[in-house]
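Everything on this sheet refers to the single structure shown next.
Where a number appears in this text, it was derived from the coordinates with a stated rule and is not lab data. Since the structure is predicted, the reported quantities are computational estimates derived from the model, not experimental observations. Please note: Cβ atoms are built from the backbone with ideal geometry, for glycine as well, and neighbour counts cover all protein chains shown.
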Amino acid sequence: MTVPVFRFAPSPNGPLHLGHALSALLNADMARRTGGRMFLRIEDVDGTRARPEYERAILDDLDWLGIAYETPVRRQSEHADDYAAALDRLAALGLVYRSFLSRTEIAAAIRLEEARSGRPWPRDPDGAPLYPDIDRVRPPAEAEALAAAGRPHALRLDMAKAVRLAGPLAWEELGDGLDGPGETIEADPAAWGDVVLAGKFMPAAYHLAVVVDDALQGATDVVRGRDLYFATAVHRLLQTLLGLPAPRYHHHRLIVGPDGRKLSKSKGAAGLSALREAGATPADVRRMVGLAEPVAAGQYSPGPP
């Protein structure tokens, strides 16, 4: 029988808040109930934002919450070779191209096309405009010359070609729970356009790094916030192209602030350390995020929907 494997994967670019606490506690609860394994992964692949002090704070917060995990901790910054190997495999399939457009150039290209067609430019599920096809159809010799001249660029996935190669895709969704029946969700990665695979300061962007890491850590169950629900389509595409296993997905409810929006580091959501300093206890945090008391094997309770 396969032992379930869970992981909590925060980014060290700010303090953990209640939304992170819900995700970490759900992972730990599910691992406890199933007799599964629990890993911690520090997603510090973006060297422009990751800070050692935030990683230390993450470890302190998890220790305070009583969340146990196996060591050593996986840090993305230490595994660039794993991501390079995945990029090479995608490149060998003819699915990777250099993208040189700056944000200003992207906006200008979109305005021009909207004026020409009279239609709004398509956007991805997060509301960002899809990347124009200028670089995808750029002659290879021209792209090589730009790169050789030191023009900054990212590496992107040729989405249309990738979707044709992969064929129909789906994932198994179980929401906050562990027990079936789950729901089979049809994946639509094309809605995201030509996603970034790696950037100037990143050996791998989020989409690529997360599927490589989950496979290498043997994750059987990915427990994360509902804000990543639609991104799962891209992850299933990359898993298929790279021949990686597909975990089960549990996209849990989000913790929202007074304005009804999900908590965010960038919006100054109160950190767990601040709550601790104000006198909150781990039990208080569980109640704040709508979880019952810590569970034993066979007693899993995800709290209110």
Item to complete: Being over 18 Å from residue 192 (Cα atoms) and surrounded by fewer than 17 Cβ atoms within 10 Å (Cβ to Cβ) narrows it down to one of 107, 86, 115, so name that one.
Response: 115
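Every residue, every condition in (1) loosely packed, with under 11 Cβ neighbours inside 10 Å; (2) more than 20 Å from the chain's Cα centre (by Cα); (3) free of Cβ contacts under 8 Å to residues at least 40 places away in the same chain, yes or no:
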position	(1), (2), (3)
78	no, no, yes
90	no, no, no
97	no, yes, no
100	no, yes, no
139	yes, yes, yes
147	no, yes, no
Fill in: Of all residues making up the stretch 68-83, the number that are farther than 16 Å from residue 199 by Cα and either touching a Lys or Arg at 6+ places or on another chain (Cβ under 9 Å) or small (Gly, Ala, Ser) (or both)
6
Item to complete: Among the residues of the stretch 43-78, write down those that are in contact with a Leu (Cβ under 8 Å, 6 or more places away or on another chain) and in a loop (DSSP other than H, G, I, E, B).
Response: 67, 69
Worksheet item: Can we say residue 184 is surrounded by fewer than 19 Cβ atoms within 10 Å (Cβ to Cβ) and polar (S, T, N, Q)?
Response: yes
Discussion item. With the requirement that a residue be surrounded by fewer than 21 Cβ atoms within 10 Å (Cβ to Cβ), within 15 Å of residue 241 (Cβ to Cβ) and out of contact with any strand residue (DSSP E or B) (no Cβ under 8 Å at 6 or more places or on another chain), what does the stretch 205-231 give you?
Written reply: 215
Worksheet, complete the sentence: So, first residue closer than 16 Å to residue 224 by Cα in the stretch 169-195, second residue polar (S, T, N, Q) and surrounded by fewer than 17 Cβ atoms within 10 Å (Cβ to Cβ), Cβ within less than 9 Å, six or more apart or across chains; the pairs are 171/184; 172/184; 173/184
Worksheet, complete the sentence: Among (1) in contact with a helix residue (DSSP H, G or I) (Cβ under 9 Å, 6 or more places away or on another chain); (2) farther than 20 Å from residue 45 by Cβ, residue 181 falls short only on (1)
